[in-house]
1. Per-residue ellipticity at 222 nm for the chain, helices alone: DSSP H runs ≥ 4 residues times -39500 (n - 2.57), over residue total, nearest 500 deg cm²/dmol?
2. From the phi angles alone, apply the Karplus equation (6.51, -1.76, 1.60; θ = phi - 60°) to segment 106-118 and give each ³J(HN,Hα) in whole Hz, x where the residue is Gly or Pro.
3. Treat the chain as a sphere of radius equal to its Kirkwood radius over Cα pairs and apply Stokes-Einstein at 4 °C in a medium of 1.567 mPa s; give the translational diffusion coefficient in µm²/s, rounded to a whole number.
4. What does a probe at SER59 reach in segment 88-120, counting residues whose amide N is under 14 Å from the point 7 Å along Cα→Cβ?
5. What lysines could a cross-link reach from LYS34, if we take a straight Cα to Cα line under 19 Å and drop same-chain neighbours fewer than 8 places away?
6. Kirkwood-based Rg over Rh for segment 72-129 (C-alpha set), two decimals?
7. Given a Förster distance of 30 Å, report the FRET efficiency between ASP124 and LYS42 from their Cβ-Cβ distance, rounded to the nearest 0.05.
8. Starting from the Cα-Cα distance between ALA91 and LYS111, subtract it from 0.36 nm times their residue separation and give me the gain in nm to one decimal.
Amino acid sequence: MTGSRMDVASYIDEDADIHHIFPQTYCKGKYPAKKWNSVINKTPIYASSNRSIGGHAPSVYLRTMAGKGLSEEKIVQAIESHKINFGYLSADNFEDYFIDRTKQILKCIEKAMGKSVAGLDSEDTIREFGVALS
């Protein structure tokens, strides 16, 4: 909510934790729990930011960020630094956000491992995600 960069010291000082990007109360009954409660829909944020988000749709809590004096450019940078597509988030487009973030996280995993993740085009992947993840 502040646009400030998180580091180890601020993570501890600001009582940061892992929280839902599309809030749990917003998602219940709309999307499968195995999606909204997965690592794909979680990110480290400060406790104060999580309280501001509450159970609101992303389009609502993004307006809260703007109301705290952050420019749209800063908001987009902050959101995208978490491998989140700002356009999908601001439009409350959970399905496209989920697929895009899955792909972005898989790219990070591939880079860290120095090799490709297998099965991104498999029948199982397509059945679970509705698309290939390659």
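1. -14500 deg cm²/dmol
2. Ordered by residue, 3J(HN,Hα) equals 4, 4, 5, 5, 4, 4, 5, 7, x, 7, 6, 7, 7 Hz.
3. Working: Rh = 15.8 Å.
After rounding, the answer is 82 µm²/s.
4. Under cut-off, by backbone N: 88-95.
5. Partners found: LYS42, LYS103.
6. We get a ratio of 1.05 for segment 72-129.
7. 0.85
8. Values: separation 20, 0.36 × 20 = 7.20 nm, distance 2.93 nm.
Separation in residues times 0.36 nm, less the Cα-Cα distance, equals 4.3 nm.
No value in this document is a laboratory result; all are computed from the given coordinates. Since the structure is predicted, the reported quantities are computational estimates derived from the model, not experimental observations. Cβ sites come from the backbone with ideal geometry, for glycine too, and all protein chains shown count toward neighbours.
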